[in-house]
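The values are calculated or read from the model by the stated rules, or taken from the named source; none is laboratory data. As the structure is a computational prediction, the values presented were derived from the model and not from experiment. Quick reminder, even Gly has a Cβ in these numbers, built from the backbone with ideal geometry, and neighbours come from all protein chains shown.
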Amino acid sequence: MESLPLVFLRIPPQYPNLRHAFNLSSSLFFLVGIFSLKWGLINLILNSVISYSLAHTLSRYKHMPWIVMAFAMSHLLCFHLRRLIHTTPSTSVEISGSLMVLIQRTTTYAWNVHDGCCTDAELQELQDHQKDNRVTHKPSLLAFLAYTLYFPAILVGPAFPYDAYASLVDDSLFETPRPRKLKLKGRRRAGYRRMVFGLFFLAIYAVWGGSADMSRLIDPAWQRNHTILRRILFVQKAGVITRFKYYAVWSISEGACIISGLGFNGYNAANGRTRWDRVRNIDVLSVELAQNIKELLDAWNMNTNIWLKTCVYLRITSRGKKPGFASTLFTFLTSAFWHGLPLGYYLTFVFGGFLQALGKMVRRNVRPFFIATDKQGEQIEQGKHLKYLYDVLSIITTQTLINFAVIPFLLLDWRDSVRGWNSVCWYGVVVVACAFAYFKGFGGVGRLQSRLQKQQRDDTLNDLLFDATPTSELRDRVGLDEELLTRDVDEMIQKLLSNGSLASREAADQIKDMSSDGKAITKAAVKDAVEGNRSGSGSGSDI
């Protein structure tokens, strides 16, 4: 497989049609010559041609991308139904996987064409990545077919926008101020490294994959020999090892794309070395050490996540509004439908939607209690141990919940999925339900926010009394109204009086007057008051 990407690069960019033709012939060789998927290849071409025609015939129609999406998903539905009716095993070689990847490309292309037809006013509302990937000129059908059937990524992806493929064909992808002789330095090394990386995980999965079969959870004999705790621990082991096969195939495919040149992503600004991560589909460390579901999903099947975000999540939200829980849930349902019809997919992705929403609430309302910062917002040394504790607990919780979530994804059947969750006492559902009940049902968010605001006010009032901070700045920093500010200053002064830090009530009143006037209460003023108390003067005249 290595030689074909190398031959592709040897074709002069002055002959783009020759590169397109070589690309298509290579895909035909794989699909028909090796895997005997002649009927599958016909369906891939059919889907591409119809999507191409719809995109350009209806390019001025604002709902054009959704029409292309509806057609593509309907076509995919036929294959999902066929798999479901004939109970095609997941290990069989057929065209559904390639069609799933192709649909990502055709629907992305439809949105890129739509963005390319925007008016100047609409263009200002697009995000940067949408502007960068706009298609403003209609490519030939040959070029489009070569894009959708790009041979290094024909089987398992990754997906990428048309602009990336077009720039690879004409060599503009490699345009750089550096000398031409350095243009592709490190390409083979980076590609081989990813392939070796993939083979490493493939070897691990080949050795231990059989011992990490989630179907053991629904085996009565296995259940009788394993306690609840051992079953939960098994889920963690099986979840990790199962991910290895995805690490393997995505890394090998990425390596092939890098060797063909598509992975080139410019130069590292720090050391000037070439970057080959344009089509990176997995970040293993970020997946395994993710502190919340969003971090994990951002690092998992990254190009599919980009597709879901750019073609679904951001598109179903009205302009001027931020995506909410409904957008998140709809996106997860779209992902489930794209994967297939077995209900296990829907259990996993709906549960994943709740996990992501819960992660946002925890990060917004709980995380600030574990992070101590100075006035500039920088983390201080005394608070780092709490941050480390939060990080470790977050990693463990995230991995435990995601491994629970994927049980239905691997078992697929509804009854098997329910039995699988039941064998581990529904621990993930219990955790999420209790957390949502606290945050939503019992006012947990309000109480946590009140405590956090009180903590922030106390910290800022301490700055007011001991660090020459004007109360006018205090009001702006914390957002206090006048009445609340006065009350909190009174509380702070009472604490100072009760522990003997202030010389007298008169001194406290003078500090209070300075606060109400919006002036700074300096360290020297408080120091004088404290020293006056120690000397027994009982006077606040020093302030």
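Listed residues Leu28, Leu76; which is among the aliphatic types (A, V, I, L, M), assigned by TED's automatic domain parsing to the domain that holds Ala164, out of contact with any Gly (no Cβ under 7 Å at 6 or more places or on another chain) and touching a residue at least 24 places away in the same chain (Cβ under 8 Å)?
After ruling out the rest, the residue left standing is Leu76.
With (1) part of a loop (DSSP other than H, G, I, E, B); (2) surrounded by fewer than 22 Cβ atoms within 10 Å (Cβ to Cβ) as the list, and Thr304 as the residue in question, which single condition is left unmet?
Among (1) part of a loop (DSSP other than H, G, I, E, B); (2) surrounded by fewer than 22 Cβ atoms within 10 Å (Cβ to Cβ), the lone unmet condition for Thr304 is (1).
When the residues of segment 180-226 are narrowed to those that are under 20 Å from Arg10 (Cβ atoms) and outside any helix (DSSP H, G or I), which ends up modelled with the highest pLDDT?
Selected residue: Gly186.
Please go through segment 79-94 and pick out each residue that is in contact (Cβ under 8 Å) with a residue 60 or more places away in the chain and buried (at least 19 other Cβ atoms within 10 Å of the Cβ).
Hit for segment 79-94 is His80, nothing else.
Tell me which residues, restricted to segment 278-301, are assigned to a loop (DSSP other than H, G, I, E, B), within 19 Å of Met195 (Cα to Cα) and not aromatic (Phe, Trp, Tyr). Before the answer, list the steps.
Keep residues of segment 278-301 that are assigned to a loop (DSSP other than H, G, I, E, B), which gives 278-283, 289-292, 300-301.
Keeping just the survivors that are within 19 Å of Met195 (Cα to Cα) gives 278-283, 300-301.
Across segment 278-301, the qualifying residues are Arg278, Val279, Arg280, Asn281, Ile282, Asp283, Asn301.
Scan segment 12-25 for residues that are touching a residue at least 60 places away in the same chain (Cβ under 8 Å) and either in a helix (DSSP H, G or I) or closer than 18 Å to Ser48 by Cα (or both) and jot them down.
Going through segment 12-25, the residues touching a residue at least 60 places away in the same chain (Cβ under 8 Å) turn out to be 13, 16-17, 19-21, 23-24.
Those that are touching a residue at least 60 places away in the same chain (Cβ under 8 Å) and either in a helix (DSSP H, G or I) or closer than 18 Å to Ser48 by Cα (or both): Pro16, Asn17, Arg19, His20, Ala21, Asn23, Leu24.
Kindly indicate which of Leu329, Leu285, Leu296 is surrounded by fewer than 16 Cβ atoms within 10 Å (Cβ to Cβ) and either within 16 Å of the chain's Cα centre (by Cα) or modelled with pLDDT of 85 or more (or both). Show your work before the answer.
Numbers: Leu329 fails: surrounded by fewer than 16 Cβ atoms within 10 Å (Cβ to Cβ); Leu296 fails: surrounded by fewer than 16 Cβ atoms within 10 Å (Cβ to Cβ).
Testing whether each residue is surrounded by fewer than 16 Cβ atoms within 10 Å (Cβ to Cβ) and either within 16 Å of the chain's Cα centre (by Cα) or modelled with pLDDT of 85 or more (or both) leaves just Leu285.
Determine if segment 147-167 includes at least one residue that is over 30 Å from Ile45 (Cα atoms) and in contact (Cβ under 8 Å) with a residue 24 or more places away in the chain.
No, there is no match, as no residue in segment 147-167 is over 30 Å from Ile45 (Cα atoms) and in contact (Cβ under 8 Å) with a residue 24 or more places away in the chain.
Out of the residues in segment 313-326 that are touching a residue at least 24 places away in the same chain (Cβ under 8 Å) and either under 17 Å from Ala70 (Cβ atoms) or in contact with a Gly (Cβ under 8 Å, 6 or more places away or on another chain) (or both), state the one that is surrounded by the fewest Cβ atoms within 10 Å (Cβ to Cβ).
Phe325
Out of the residues in segment 253-274 that are in a loop (DSSP other than H, G, I, E, B) and touching a Phe, Trp or Tyr at 6+ places or on another chain (Cβ under 9 Å), state the one that is surrounded by the fewest Cβ atoms within 10 Å (Cβ to Cβ).
So in segment 253-274, the residues in a loop (DSSP other than H, G, I, E, B) come out as 261-266, 268-273.
Those still in the list that are touching a Phe, Trp or Tyr at 6+ places or on another chain (Cβ under 9 Å) too: 261-265, 273.
On the way: Gly261: 24, Leu262: 25, Gly263: 28, Phe264: 26, Asn265: 16, Arg273: 12.
Looking at residues that are in a loop (DSSP other than H, G, I, E, B) and touching a Phe, Trp or Tyr at 6+ places or on another chain (Cβ under 9 Å), I get Arg273.
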